[in-house]
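Each value in this text was obtained by applying a stated rule to the coordinates, not by laboratory testing. What you are looking at is a predicted structure, and each value in this text was computed from that prediction instead of being measured. Virtual Cβ from ideal backbone geometry, glycine too; neighbours counted across all protein chains shown.
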Amino acid sequence: MSNRRLILMCALALALAACGGRAAGGDDGRTPPTVDDIVAQGLAAYEGSCLACHAEGGIGVEGLGRPLTDSDFIRGLSDEELVTFIQVGRDSADPENTSGIAMPANGGNPSLTTEDVEAIVAYLRTLN
């Protein structure tokens, strides 16, 4: 894991802890989650919301979802920008949509919280 990714994930863990957010781990609600806890929460949320189109390990599904591994698009966005992208999605008619396939808001899962999406971003950073 690169130092940049480790720093980003640690910053996310501190931010979640500072604002009272909880990830997997920290069973008493006061123990800050570790980076591994956040990535595990992200993997679980990914599996529940993103897996159908982007496949296990983010390798993509032809005709549904782009590969998320080694993605210039993901690397080119800050964590905040990627969270926003996932929450908003992208219409198939969007001129920046190169696949012609819509990305639904929150991966089509309206129950995803901002914390879930932030954890998904932490997981996605491990794939790149």
Taking θ = phi - 60°, what integer Hz values does the Karplus form 6.51 cos²θ - 1.76 cosθ + 1.60 yield along the stretch 47-59, in sequence order, with x for Gly and Pro? 4, x, 10, 10, 4, 4, 9, 10, 6, 4, x, x, 6
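When a footprinting reagent is the concern and you count Cβ atoms within 10 Å, what order do 73, 85 take, fewest first?
73, 85
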Using a 7 Å offset from the Cα along the Cα-to-Cβ direction at both residue 69 and residue 34, what is the distance between the two label points in nm, to one decimal? 2.5
Under a crude label model (7 Å from the Cα following the beta-carbon direction), how far is residue 84 from residue 96 in nanometres? 0.9
Pair residue 114, residue 61: separation of 7 Å Cα→Cβ label points (nm): 3.0
